Amino acid sequence: MSPKRIPLSEPTLGGNEWRYVKECLDSGWVSSAGPWVERFEQAVAKATGAAHAVAIVNGTAALHLALELSGVRRGDLVLLPNLTFVAPANAALYCGADPVFIDCDPATWQLDDAKLERYLREECRIKGGVCVEKRSGRVVRAMIPVHLLGLACEIEKIAALARRYKVALVEDACEGLGVRFNKRHVGTFGKLGVLSFNGNKIATTGGGGMILTSDDKLARRTRYLSNQAKDDPIEYFHRERGYNYRLTSLQAALGLAQLEQLPGFVAGKRRVAALYEKAFAGSEIVLMPRPPKNEPSFWLYTVLLPERIGLAGRKRVIAGLEGQGIGARPLWHHMHELPAFRRCRAYEIEHSPSLYRRAVSLPSGPALSRADVARVAGALLKLTRGK
Ligand SMILES: *Cc1c(COP(=O)(O)O)cnc(C)c1O
């Protein structure tokens, strides 16, 4: 008999999920109206320390809306890390803007703040109160630093650059629920931050998202635009284009039960990370970084294979793990060579392609046992040894 499959990450639904979803159904409030969405928003605001949390149908829609709230328009540029899940790059395209991809720091895997600074200082100038890229004359309207894999990027330096160069800051904290930088929750360093509650995230509503903001006016405007820009609660009167980007009560009920368990999920993932660190100590497997000032969640525990294994070898290693019933995934393809974004500018790309070639994400469920981690680590070491 083959041993039990160890999934990459699956939702942990061991709390009040059934109870709250049933209560929600019994209450009859299944759309976005009623008390559930507000209760979920308050729980998220409390967990993150955000002044306001506005529930949105998913993280990608929340990023789109956050860019629109930041004034991003057709022809603008939006700065992004070259290593990221595709959602923030797509959100820029929805606004008619183009991403500019900036390289990642090989020590932290996150957006390289030194290169971001150099791009802004050497490639841009401030003209009429906005940041303009010199070679294209296009306005750099926003930047989306992404907190990757349950680690935080250098968000204080990045937020300072955004202020200095008059570029709006939208933090993509979709992978960062439960992560703090310098004791502050990610997604709360600027005016706008975004969370995701997709099925693969640390806490899930099936699909869902949230906009965090410190600004009362922006919070009101987020609600307005996400609910069809209704100017009158009774009459169908609209001054602007709006969206139906609301989360439903059923999802909020699920999310409420998940948030109650968040501290346990974070502790579980930290425990799993520590087990991997021990298992790979002294081997040629490069551990996931522990960047400075981080209180990480290690949402998806990821390691680097030795460079000599190469892209084809990395694909074989992942297939080999899968063949043994161990869920494993590569990191996202570096953005600047994807056909969807080939016309976009890429700045000083050196390290993100090697992260793509070498990285393998490993099973990261918060309830993984010591024996599960030992099985994963043993299999990976065997697959890479002597290759
Ligand atoms: C999951 C994720 C999103 C948004 O995801 P949705 O599935 O739309 O909720 C955005 N950015 C990053 C980095 C993500 O990992």
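The values are calculated or read from the model by the stated rules, or taken from the named source; none is laboratory data. The model shown is predicted, which means the values in this text are computed figures rather than measured ones. In this analysis, Cβ positions are derived from the backbone assuming ideal geometry, glycine residues included, and neighbour counts consider all displayed protein chains. Only protein heavy atoms, including side chains, enter the accessible area calculation; ligands, DNA and RNA are left aside. Shrake-Rupley method; radii C 1.70, N 1.55, O 1.52, S 1.80 Å.
Annotations
- Note on the range 151-160: residues that are within 15 Å of the ligand (Cβ to nearest atom) and out of contact with any strand residue (DSSP E or B) (no Cβ under 8 Å at 6 or more places or on another chain) amount to 0.
- Taken as a whole, the condition of being open to solvent by 40 Å² or more (accessible area, probe 1.4 Å) and in contact (Cβ under 8 Å) with a residue 12 or more places away in the chain does not apply to Lys127.
- The test for being surrounded by 22 or more Cβ atoms within 10 Å (Cβ to Cβ) and more than 25 Å from Trp332 (Cα to Cα) holds for Leu247.
- Among the criteria (1) within 16 Å of the ligand (Cβ to nearest atom); (2) over 18 Å from Lys269 (Cα atoms); (3) open to solvent by less than 10 Å² (accessible area, probe 1.4 Å), the one Gly206 does not fulfil is (3).
- Counting the residues of the range 188-202 that are assigned to a loop (DSSP other than H, G, I, E, B) and within 12 Å of the ligand (Cβ to nearest atom) gives 6.
Yes/no matrix, rows are residues, columns are (1) in contact (Cβ under 8 Å) with a residue 24 or more places away in the chain; (2) surrounded by fewer than 22 Cβ atoms within 10 Å (Cβ to Cβ); (3) over 24 Å from Ala267 (Cα atoms):
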| position | (1), (2), (3) |
| --- | --- |
| Glu322 | no, yes, yes |
| Pro353 | no, yes, yes |
| Arg357 | yes, yes, yes |
| Ser364 | yes, no, no |
| Ala371 | no, yes, no |
| Ala377 | yes, yes, no |
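- Odd one out for Glu175 among (1) on the phi > 0 side of the Ramachandran plot; (2) in contact (Cβ under 8 Å) with a residue 24 or more places away in the chain: (1)
- Residues of the range 203-236 that are in a strand (DSSP E or B) and among the β-branched types (Val, Ile, Thr): Ile211, Thr213.
- Subset of the range 96-116 [in a loop (DSSP other than H, G, I, E, B) and either in contact (Cβ under 8 Å) with a residue 60 or more places away in the chain or among the charged types (D, E, K, R) (or both)]: Asp103, Asp105, Pro106, Ala107, Thr108, Trp109, Gln110, Asp112
- Looking across the range 82-95, just one residue is open to solvent by 50 Å² or more (accessible area, probe 1.4 Å) and either more than 16 Å from the ligand (Cβ to nearest atom) or in a loop (DSSP other than H, G, I, E, B) (or both), and that is Phe85.
- Test: residue in the range 52-63 that is more than 16 Å from the ligand (Cβ to nearest atom) and free of Cβ contacts under 8 Å to residues at least 24 places away in the same chain: no
- Taking the range 161-184 as the range and being more than 16 Å from the ligand (Cβ to nearest atom) and not hydrophobic (A, V, I, L, M, F, W, C) as the test, the residues that pass are Arg163, Arg164, Tyr165, Lys166, Arg180, Asn182, Lys183, Arg184.
- Filtering the range 137-153 to residues that are in a loop (DSSP other than H, G, I, E, B), touching an Asp or Glu at 6+ places or on another chain (Cβ under 9 Å) and open to solvent by 40 Å² or more (accessible area, probe 1.4 Å) leaves only Arg138.
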